[in-house]
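> Before anything else, here's the structure in question.
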Amino acid sequence: MNSLRAYDINIVGLDNKRYEYDFTSGDTFFAALEQDLIEKGNIQTHLVLDKSETMIRLDFHIKGTVEQTCDRSLDEYDEPVDTQQTMLLKFGDHNEELSDEIELIERNTATINVARYIFEFISLSLPMKRLHPRFRSEEEDDADDEQNGKVIYRSDAEPNNEDDQPEIDPRWAALRKLSDN
């Protein structure tokens, strides 16, 4: 957790105006977070902090690459990351997460650590299906086939023409005659 101190921002002495910060995150950043999703990467984060009387607005622009393992071949590859996210920290009397983008923080909070936000935004920008770039063209071709209507296999029977009336069981035909009378 000591290597994450670089991501602390002292908000007590800040005036109500706009501030800009730049962070570079490497392998030690991901190791310090004690998680298994991302182990290696090189990320640059540009943070714009806009402080007012009632809240702090954090605008993140995160770019770089993280190392991922392909779900299909287990090969490691670099996944590009480029995302812009916003986080609002409103001043209140207790700490509470109101939604994904809004959190309450106590008025007497001296510092905020943005490492957790950076990691969450990186994680959210990654695709759920981790495919090495050499397999992505195959996936895109499959997606194009689905959009163009190419049917490879169909389990239901072919639709019947209206001229071909299915044969009716004679027992049901007798019942139909009774109900028609």
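The values are calculated or read from the model by the stated rules, or taken from the named source; none is laboratory data. Just so it is clear, the model here is predicted, and its values are computed rather than measured. With ideal geometry, Cβ positions are generated from the backbone for all residues, glycine too; neighbour counts draw on all protein chains shown. Surface accessibility is based on the protein's heavy atoms, side chains included, excluding ligands, DNA and RNA. Shrake-Rupley method; radii C 1.70, N 1.55, O 1.52, S 1.80 Å.
> With every protein chain present, what accessible area does L74 have (1.4 Å probe, heavy atoms only), rounded to the nearest 10 Å²?
Ignoring ligands and nucleic acids, L74 comes out at about 130 Å².
> For M128, M55, give the ranking by accessible area with the largest first, probe 1.4 Å.
M128, M55
> Could you give each residue of segment 39-48 its phi-based ³J(HN,Hα) in whole Hz, using Karplus coefficients 6.51, -1.76, 1.60 with θ = phi - 60°, and x for Gly or Pro?
Listing the rounded values in order: 9, 9, x, 9, 10, 10, 10, 10, 10, 10 Hz.
> Also: Taking the Cβ-Cβ separation of K90 and I9 as r and a Förster radius of 22 Å, what is the calculated FRET efficiency to the nearest 0.05?
0.85
> Stretch K17-D82 to full length: gain in nm at 0.36 nm per residue minus the Cα-Cα span?
Length gained between K17 and D82: 20.8 nm.
> Here is a further query. Report the FRET efficiency, 1/(1 + (r/R0)^6), for E97 and V48, where r is their Cβ-Cβ distance and R0 is 25 Å, rounded to 0.05.
The formula returns an efficiency of 0.70 here.
> Report, as a whole number in µm² per second, the diffusion coefficient that Stokes-Einstein gives for segment 62-107 at 4 °C and 1.567 mPa s using the Kirkwood radius over alpha carbon pairs.
96
> What accessible area per residue, rounded to a whole number of Å², is obtained for segment 38-116 using a probe radius of 1.4 Å?
54
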